[in-house]
Structure formats: structure tokens, C-alpha cells
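Only one structure is covered here, and it is reproduced in the block below.
The values are calculated or read from the model by the stated rules, or taken from the named source; none is laboratory data. None of these values were measured; they are calculated from a predicted model. Every residue, glycine as well, gets a Cβ built from its backbone with ideal geometry; the counts of neighbours run over all protein chains shown.
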């Protein structure tokens, strides 16, 4: 890390150089300038991360220097050194993104504390910037793989830099239990695979509970051992029998997904590790939140690792209603709220509830409430008791 000190007084330069605990804070090079124009040349050539600058100097002063730094979007930290405690000046300095200021005569404790804070802030910002860049790279790769899995054209060369060199890869599809946020596990697995040059892992953006893993041949046992030790939630997996070239990613994924849907999977961590009653509450909670989307026993089975028959039986025990009637009840209740409280058209409400046919929605609404949506909105009668007997 480089530090630039800008001051026209030689003794101030010497004091700062002497007081600074440079090595402790990772400063490897100290640069000096006696006025603003000289500082500009050094900044352009050396790119120091931290600048200590006086305010009053011949030629370009400290305020003009920081204005120039602001114009070039300088990313480092600027600390003013001044013998003047001027509030209006400090307001101007803050607007120009100065990091801090020090009053003359400079004290060792205050100086090194400010230096420490500037270094720590820079390191934190660098880590955050790096994290954002890494997130962007992961997201971009996830989107490429997701599109490829869906059969859309893709350039194999876009994936090759993220994988160890090989002609073919073993492809494995992972399915995570829905109520657990899978992204951190996938990211951790991806980091492990790339660090060890074994492969990579990609979240499928159209279904966050699925992850596609590409690994070198004969390395899957090593990967699965790591997963069993570091992933503490139930995972289902299906692997390709033979390594496949990347250009066949779409057909390989389709085969893996079919095998997963046909229950031809293996598991890491048994489902019994999760309390059955708790898992049923997870399913009901999911339906309560996503009832306006397309729901089926098949979809819930894939998300929550229960058979369709088990969900059908237990869901009715838990709620008192079969899944379809429970969803209808939630949708009709929501429809009544919108009819009372908004000016949304009946057609719009039917679409928002997941019904593409307005006539079907109106017919269903009347079957449940005894009134058409139009009659309900206009208060043309009382809801019939049949609603409570059939959908309560």
C-alpha cells in the first residue's frame, strides 16, 4: 500500500514520516510532494491509496487538489492536515469525500489511529468490491448453464474458463430440500471444486433448489465425501453414468432430471433427520405463500422430499381440506379482499389469482360464495353457507 504526503513545510514531512507506524499497517511505500501540481503528477504515476495533504500550499492548494481528485473519481482516502479549525471549510471537505482531518501540531496517537482507520476502510471496501465481482461472475455462469440446460444455444467457450481442462465431465444434478436456502451451500461447493481444480457447481436460476455439478472423471467420490461432511441438509442426487462433453449439456441435464423425477436418486443425509410434522408445516406454509402460483402434489413432492400420496394424505390431516380445495379457499378469500378494497377488474383479479379464464373464475367464485364476483362487489346479497361447509 502506498501513502502520499503533500505539504510545503519540510519539517512537517519529516515529522509525519517519523510518526507513522507504516509497517504495522501494511504501508510499503511513502511518497512526498511539496505542492499540489507535484502531487498530481505523483498520483497519476503511482496511484497511492492514502493521501495526507496540507490545505495552504503555494500554487494548487489542498482544496483544489481534492476537487481534482473528486473529478477523476479517486477511490483512495484523503486526510487533510491543517492548522485552521474552520467549520465552513470542513463542510466543503466532507462534500468532496475527504476521509478525515488532523490538526497541527500532529500527535502520534491521533495520526496512527487515523492511518489505521483509513487502511481498514480501504481493505473492507476492497473485500466488498471483490465479493460483488465474484457474485457477478457466479450469476453470469449460472445464467449460462441454466439457459444451456433449457436447450438454448450457448458458447462452450463461455464455460471453459470456469472448469478444469478436460474433454468430458461427469454431470450431477443435486436437489435441495425447499425450506433451506441452498445458495450458500452451492457457493461453498463451487469454491471447493474450483480451488481443488475438480470442477464447478452452478445454481439453476429457474429453480433455486436444483444445482448442476460438473466434475472431472473419477473425482465424484471425493466431492461426495466433502458434501457429506459440509452440507448438513438432505440432498438428492443423480449422476451421469459416463462423462459427457459440454456440448451435450442440455440432453444430459434432461436425462438427469427425468431420473430425478422417476425417483432414481441417491441421498446425502436421510430425510428422517427432519421432523415429519415440521416438514408438513413447511408445506402448508409454502402453499399459504404461493397459492396464486401453479401448485400440484407433484411439485410439492419434488420440493419437500415426500411422496405425492403422503403429501395428499397428511395435507388433509393438517388443514382439514385436500390441496385443491385449500388453494381454492385461499384464492377466493384473496379475491374477496380485492373486490372489496380495490378497483381491479374481475378479469385482472382472475389473472392475478392464477386463473386464465375469467368465466371459470366467476363460476368457481359463485360456487364457493353463492354470488358472482360482480354481485359480491356491489353487495347484492349475503354469502351462502355452502362456502363454509365445502371450503371451511
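Per-structure values
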item	result
Residue satisfying all of: in the range 331-340; in contact (Cβ under 8 Å) with a residue 12 or more places away in the chain and surrounded by fewer than 17 Cβ atoms within 10 Å (Cβ to Cβ); farthest from the chain's Cα centre (by Cα) among these	340
Whichever residue in the range 234-268 is in a helix (DSSP H, G or I), over 18 Å from residue 142 (Cα atoms) and touching a strand residue (DSSP E or B) at 6+ places or on another chain (Cβ under 7 Å) and, among such residues, is modelled with the highest pLDDT	259
Within the range 31-143, strands (runs of 3 or more DSSP E) holding 1 or more residues that are surrounded by 13 or more Cβ atoms within 10 Å (Cβ to Cβ) and at pLDDT below 85	77-82, 100-103
Residues of the range 293-316 satisfying the condition of being surrounded by 17 or more Cβ atoms within 10 Å (Cβ to Cβ) and not in a helix (DSSP H, G or I)	295, 305, 306
Tally, over the range 348-362, of residues that are part of a helix (DSSP H, G or I) and either at positive phi or exposed (fewer than 13 other Cβ atoms within 10 Å of the Cβ) (or both)	2
Residue count, the range 183-205 (criterion: in a loop (DSSP other than H, G, I, E, B) and either modelled with pLDDT of 90 or more or surrounded by 23 or more Cβ atoms within 10 Å (Cβ to Cβ) (or both))	4
